[in-house]
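One structure is given here, and the rest of the page talks about it.
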Amino acid sequence: MAENYKKWIWGTLGWAMFGPVGAVLGYALGSVSTKNIRNNRTGGGDFLSVLLVLFAAIMKADGIQKKSELNYVKQFFVSQIGIHDTKKLMQVFKKILEQDIPLNDVCSQIRSKMDEPSRLQVIHVLFGLSKSDGEIHLSEINKIKEIANLLGISELDYKSIEGMYKEDLDSAFDVLGIQKESSNIEIKKAYRKMANKYHPDKIAHLGEEFREIAQNKFKSVSEAYNKIKKDRNIK
């Protein structure tokens, strides 16, 4: 791996350079100068690095590294940073997969440094990985739920994101964070609340390359609302 690539990925990092996340990355990349590194707001490089580490944790959950999951990781990064840089990044990812991930420590760092909208986006992307082969894998879902809990994600928000990957009517209510018995007024109020919570602008600080995945999550809220409206005949 070329030395300039190490500088490229390290140069995009802020707080992820340090602590347990940085230690995992350091094993894969080797250390470089930390001069002029940011250490405050989450940037695109921090988000990317967190996903590298947590993708590995999910893939190791059942002890089987499935080709469909590896392809999902690859295609996800291609859509964000292009095929050229993804080829190099996958070399880093394979080295991360070789490690035992200190999940509690990693999530503790993420929780203390990453803003809530970005943490919610992390959970959304992790569900995409788990469902990449079209099947439900209990060990992976349990691992995602564990990560969500460690990241300080509420049960309501967790169920909302999980519901985005299901198609039944009950899940539509979960996406909006309400009960099936909720009134039409409560449904409309919940929709406005979730539409604001998951608006793509909430993670604009991660960079334009991550806007599409935020838009997909935002779209799921609208689809859930429309499904309920159709069932209830709400105008």
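The values are calculated or read from the model by the stated rules, or taken from the named source; none is laboratory data. Since the model is a prediction, treat every value here as computed from it, not as a measurement. All Cβ positions, even for glycine, are placed from backbone atoms using ideal geometry, and neighbour counts span all protein chains on display.
Observations on the model:
- Test: residue in segment 208-218 that is under 26 Å from Asp105 (Cα atoms) and of a type in the set (D, E, K, R): no
- Every listed requirement among (1) exposed (fewer than 14 other Cβ atoms within 10 Å of the Cβ); (2) charged (D, E, K, R); (3) assigned to a helix (DSSP H, G or I) is met by Lys235 save one, (3).
- Residue count, segment 167-206 (criterion: outside any helix (DSSP H, G or I) and surrounded by fewer than 16 Cβ atoms within 10 Å (Cβ to Cβ)): 6
- Segment 157-166 - residue that is assigned to a helix (DSSP H, G or I) and touching a residue at least 24 places away in the same chain (Cβ under 8 Å) and, of those, surrounded by the most Cβ atoms within 10 Å (Cβ to Cβ): Ser160
- Tabulated pairs, segment 1-30, first of a type in the set (Asp, Glu), second modelled with pLDDT under 75, C-beta under 9 angstrom, 6+ apart or interchain: Glu3/Gly30; Glu3/Val32
- If you go through segment 88-139 and pick out every residue that is out of contact with any Pro (no Cβ under 7 Å at 6 or more places or on another chain) and over 19 Å from Ser68 (Cβ atoms), you end up with 26.
- Residues in segment 73-106 that are under 15 Å from the mean Cα position of the chain (by Cα), touching a residue at least 40 places away in the same chain (Cβ under 8 Å), buried (at least 18 other Cβ atoms within 10 Å of the Cβ) and over 13 Å from Val21 (Cα atoms): 3 in all.
- For segment 209-217, the criterion of being touching a Gly at 6+ places or on another chain (Cβ under 7 Å) and within 22 Å of Phe77 (Cα to Cα) is met by at least one residue.
- All conditions in (1) more than 13 Å from Val50 (Cβ to Cβ); (2) touching a residue at least 12 places away in the same chain (Cβ under 8 Å); (3) in a helix (DSSP H, G or I) hold for Gln109, with the sole exception of (1).
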